[in-house]
Every structure is written in C-alpha cells, then in structure tokens.
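Report on the structure given below.
The values are calculated or read from the model by the stated rules, or taken from the named source; none is laboratory data. Please read all numbers here as calculations on a predicted model, not as lab measurements. With ideal geometry, Cβ positions are generated from the backbone for all residues, glycine too; neighbour counts draw on all protein chains shown.
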Amino acid sequence: MPRIRVEVDGVPYEDDVEPRLLLVHYLRDRLGKVGTPVGCDTSNCGACTVLLDGLSAKSCSVLAVQADGHEVTTVEGLGTGARPHPMQRAFHEEHALQCGYCTPGMIMAAIDLLRENADPSDEEIRDGLEGNLCRCTGYQNIVRAVRGAAGEMRQGAPEREVSP
C-alpha cells in the first residue's frame, strides 16, 4: 500500500492507504473529519468540496494518494464554534442553509471564489458556486452570505466570538 504524507487542517498525517481510496473517505473514515459529507459520489453536487493547497477540490474525485505532499483544509479547519471563519459566520447570520448538507462544500467553494475575486457581483458569486448544488434554498441567502463575508474578508476583519 502506498504511504502518504498530508497536512489536514494544519496537522501532519502519515498513513498507508489503498491506492483507490477517495480523499473524502480518507478524511472521514481515517481522520474523523466528518464535516466533509459524502454527497453524490459522482462529483456533481459539491458537498464534499475541500481546499487542496488553497484551491477548491471535490474530495470525491481526488484519490488520497493524489493528496500526498499537499495541504488539505476542511470546513472543520476554518474556525471554531466560538470563533468561526467570516464565511461560516456569514452563512449562519444570513440563514444561508436549511438542511445544511451542502453547506460545508458551499463554504469551501466560496472561500476559493473570494481568493480569485475579492469583490464579486451576485452573478459572479452564482457562477463561482455553479458546481455546488443546494436542494433546499433558492440560493439568494447563500449569495448574500458570500457577499457579506467578502466585505468582511476584504477589510481583514479579525475573528470575533459568536454568542451561543
């Protein structure tokens, strides 16, 4: 079995993995990163999106061996419940989720979108999240959340605590 070295949410890991093991299953089953859901298993829904070296990637379409030597960030690596990442906070404050299944992937894709375009229009946000599906919302609150987080991130707003 191939041995991989990968950094996940700032923590280095070294493991032997089956050559055909998907990154999403490595994250969930080996590392306990259950914030990254298995959605469609066909890369159509985007629920399993993570950042791979800072770029969004659907972890159901990446083999764990392909992550060897790379840095993976999951939604769990962004912030904590008390000090969430601005994008996590914006999704909460703008009610940009209903069932929440797509939310981790939406958040990760949105962060990558803002890396490329710090001040996107609503249309650019919709285009940037095109590969991530939500079956519960009309996307308006998601767009509003991304726009709000973009403003906060452009200003370099520090993490702030959220009241329970």
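Kindly indicate the residue of segment 98-151 that is among the small types (Gly, Ala, Ser) and in a loop (DSSP other than H, G, I, E, B) and also farthest from Ser61 (Cα to Cα) among those meeting that condition.
It comes out as Ser121.
Given the conditions (1) in contact (Cβ under 8 Å) with a residue 24 or more places away in the chain; (2) under 19 Å from Val34 (Cα atoms); (3) touching a Leu at 6+ places or on another chain (Cβ under 8 Å), report the number of the one that Gln88 does not fulfil.
Of the numbered conditions (1) in contact (Cβ under 8 Å) with a residue 24 or more places away in the chain; (2) under 19 Å from Val34 (Cα atoms); (3) touching a Leu at 6+ places or on another chain (Cβ under 8 Å), the odd one out for Gln88 is (1).
Conditions (1) assigned to a loop (DSSP other than H, G, I, E, B); (2) closer than 11 Å to Gly105 by Cβ; (3) not acidic (Asp, Glu); (4) not assigned by TED's automatic domain parsing to the domain that holds Pro19, marked per residue:
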| site | (1), (2), (3), (4) |
| --- | --- |
| Asp29 | no, no, no, no |
| Gly32 | yes, no, yes, no |
| Asp41 | yes, no, no, no |
| Asn44 | yes, no, yes, no |
| Val50 | no, yes, yes, no |
| Ser56 | no, yes, yes, no |
| Val65 | no, no, yes, no |
| Val72 | no, no, yes, no |
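Scan segment 10-27 for residues that are assigned to a loop (DSSP other than H, G, I, E, B) and out of contact with any strand residue (DSSP E or B) (no Cβ under 6 Å at 6 or more places or on another chain) and report the count.
Qualifying residue count for the region: 5.
Going through segment 102-133 one residue at a time, which ones are touching a Cys at 6+ places or on another chain (Cβ under 8 Å) and either surrounded by fewer than 23 Cβ atoms within 10 Å (Cβ to Cβ) or polar (S, T, N, Q) (or both)?
Within segment 102-133, Asn132, Leu133 meet the criteria.
Testing Val75 on (1) touching a helix residue (DSSP H, G or I) at 6+ places or on another chain (Cβ under 6 Å); (2) under 23 Å from Leu129 (Cα atoms); (3) surrounded by fewer than 19 Cβ atoms within 10 Å (Cβ to Cβ), one condition comes back false. Which one is that?
(3)
Could you list, in sequence order, all residues of segment 138-164 that are of a type in the set (Lys, Arg) and at pLDDT 75 or above?
Within segment 138-164, Arg144, Arg147, Arg154 qualify.
If you take the residues of segment 1-34 that are over 16 Å from the mean Cα position of the chain (by Cα) and β-branched (Val, Ile, Thr), which of them is surrounded by the most Cβ atoms within 10 Å (Cβ to Cβ)?
Looking at the filtered set, the residue picked out is Val6.
List every residue pair whose Cβ atoms lie under 7 Å apart, where the two residues are 6 or more positions apart in sequence or sit on different chains, the first residue falls within segment 110-134 and is assigned by TED's automatic domain parsing to the domain that holds Arg144, and the second residue, located anywhere, is of a type in the set (Gly, Ala, Ser) and in a loop (DSSP other than H, G, I, E, B).
Arg115/Gly54; Gly131/Gly46; Asn132/Gly46; Leu133/Gly46
Determine whether segment 35-47 contains at least one residue that is closer than 27 Å to Glu152 by Cβ, crowded, with 23+ Cβ neighbours inside 10 Å and touching a strand residue (DSSP E or B) at 6+ places or on another chain (Cβ under 7 Å).
yes
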